[in-house]
């Protein structure tokens, strides 16, 4: 993707009033003479992702930030950790997403006695062939829902997190590749701490985003209830009707297309400033790693693509800051005793960094 | 603020009856006298003046209630009106404040494009103009001239941000993103125009899109559209004006009762004022005006000046010299200088045998001598006044009096130079072809004294009778020490804050100062604009540490205290 040509139709059409998250989709990406194919490809992708969101909203009411976070992580090759109370539809959205991208979907309910081999699979001796045969576990899928991940012991965590990072399983010295795309949606419950094994910060860093979801607003919840008891709009009815909009290959292609989104050096400096500021902030005991900056920049390309732009703006970055950084920083004990929240401190940090304007 | 105003109003309301009571106490022995025609004119003046403290039927002051009586018997109607006024005043005040805030947010003068004021230094730390003196519009024009349209667009966009910030449509800060600013914009047309600008700016600045002359022209046209949309926001409905008028009216009603204890002022109906004498002179055919301090234009028109001294030290030497010059400038001019009572000192004239008194109104004392007008250079500071034996002082005006100036007796004839009654007397002192009337113990010319005493009326009538007909009389209303200035405007603003003490400005100023103070609280950057109030921690770490320390000290069980701390931290973590 290169610079569009001079006849940019920026003022040839009046843009619609922007929503909070996609304010400039209509006119920002102007096709250039040489890059028409790429530009039109991005436009096509943008429309597809838009449709993807629309379809997801058919079965999953509200929670825009959750849907956007999932899509961004999916297209960036990341994984998400969702923190929310039970009953908010985490499994439902994972199923819907797997149908829409035409991917395999598996769900693992993590329990304290879950062993690594329960998720990776194991070698089983085949009496007929007289040799060990690999029986793949549930991680051999495209979209994996790791439900209540913090209920499993540390060794199971480690096994899963290695798979998330490497996208392959090593068993008895043999590597078993997992077909891309591999997208893990892990969940954890914030209100029960008994019998859980908190994920260490080093492992949390493997998750691209930590998405915190809360109960839906009243209007959304009413709509959820109406749909649940209706004949046609119940999620179980809508789910089979979802038509795949992408496939595995296309999803991987999107990842490659994201490389065409321009990230200006000022944006890189901006992201770096935010990440570095977390390390020197007095209320933060442990700041974000460079991986956080990488994740920010990679993720910021997706909102730009969703908006139909071929470049990243500071807003794209800022929208991802909380979900990218909240699980990567550790507050000081003083800040915790004062009742400061991670999100509140991160907002302060973001507020302290100057947005590039000149 | 409301409580303060109520207290002020209450205190002002209580001062009047108290002052009146004191005067009543000191004047209980006042007796009615048979009045001649001139004196009767004062009764007529008082009757037509609608003085609240004057009883027309009895030609005397009304008996005033003491504050205690007022408390026991409050005026129900007056109290109800006051309460109603306050009930109306508070919402009106709040509404007006809201309107001021809204107007301040909207009503910002749109500068011509070429004369854009400098961005505020505190608005944003822009990379090029950290000192706040950078003119982005000029920079944009300059960049466009050299065909650097990318820079021109960037500069013009930053200029737009500055304009929107000055209109208080956005809150410009260094961490503000374009998205954030768009969310802050509520007006559709402004938002639409700014959104277009945002798209272009981001495409050019972050997206490395090409910027040419056409794009810049469109961008600039869009900028003009945005600025044209802005003045529409400044249209202020008549509600603000109506609210202001209502507020002013209510301010006058609620707690702003007239300050009626001013000494010597001719406006108002103060018992210590001079409006009766003012009205009396007017009734006699003179043109009577007021001037605040000495104003050159008014002085040129004036034939007679009436000056009630309100300062304990009398007139300054400069003012006396100026008055003398004024008297000498034109013949026939008159100054009536009314001195305060304490300007006349009772001496013990043992050294001067001429002051031996044989009979007077101070029977039980030695003969008093009066060191009159020590600051007035036309009368010797050694002037003495003596009274001949048998003068009917108690019966009214004395026609047989004697004045000593520098120990030289002056003959004082009836109707010539001297009027005496009680402790008051008037001295005529010629200055060239003009003259000065010095009224010692001048309280005899105050409103209440004129209503109370026949003698005082006699003095005032005689004094007025000395004036020629159809004179232009000016009462000097300024505070304390008036002075003459060659320039009338300078004279008026000799004390730049003197106008604040003139009723009703003094009352309005207090209220508007309060309103202004509240407005400044809103406007001053130190308080910030209430878009995003800063969050404050509800917990104090030091307080918790102290509490834990106390817990450990109280229980003597560090394990227990430590467990409590851990429980607390766990709770905090869950909440966060």
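Arrange the following residues from fewest to most other Cβ atoms within 10 Å of their Cβ: A:323, A:158, B:275.
Working: A:323 27, A:158 14, B:275 22.
Ascending Cβ contact count within 10 Å gives the list A:158, B:275, A:323.
So what's the gap between the Cα centers of the stretch A:275-294 and the stretch A:54-103, to the nearest angstrom? Value for the Cα centre distance between the two parts: 28 Å. The residues B:558, A:170, when put in order of fewest to most other Cβ atoms within 10 Å, stand as B:558, A:170. The residues B:282, A:131, when put in order of fewest to most other Cβ atoms within 10 Å, stand as A:131, B:282.
Dimensions of chain A along the principal axes, based on C-alpha atoms and rounded to the nearest Å, stand at 71, 51, 47, largest first. Shape verdict for the stretch A:44-167, please, from the Cα gyration tensor: rounded (a/c under 1.5), prolate (a/b greater than b/c) or oblate. It is prolate, given that a/c is not under 1.5 and a/b is the larger ratio.
Peptide B:207-219 is shielded by partner chain Cβ atoms: per residue, an average of 5 of them sit within 10 Å of its Cβ. Averaged over the residues of B:455-468, the number of partner chain Cβ atoms lying within 10 Å of the residue Cβ comes to 0. Sort out for me the Cα centre separation of the stretch B:142-164 from the stretch A:314-358, rounded to whole Å. Cα centroid to Cα centroid, the span is 32 Å.
Looking at the stretch A:213-358, I'd like the Rg to Rh ratio, where Rg is from alpha-carbon atoms and Rh is Kirkwood's inverse mean 1/r.
Numbers: Rg = 19.6 Å, Rh = 18.0 Å.
Across the stretch A:213-358, the Cα-based Rg/Rh ratio is 1.09.
Going highest first, how would you order B:200-206, A:122-128, B:331-337 by mean Cβ packing within 10 Å?
Working: B:200-206: 24.9, A:122-128: 10.4, B:331-337: 20.3.
With the highest mean Cβ count within 10 Å placed first, the list reads B:200-206, B:331-337, A:122-128.
Output the relative contact order of chain A, whole-number percent, from Cα pairs under 8 angstrom with separation of 6+ residues. Rounded, it is 22 percent for chain A. Partner shielding of A:317-325 amounts to 1, given as the average count of beta-carbon atoms from other chains within 10 Å of each residue beta-carbon.
Readers should treat all values here as calculations from the given coordinates under stated rules, not as data from a laboratory. These numbers come from a predicted model, not from an experiment. Note that each Cβ is placed from the backbone with ideal geometry, even for glycine, and that neighbours are counted across all protein chains shown.
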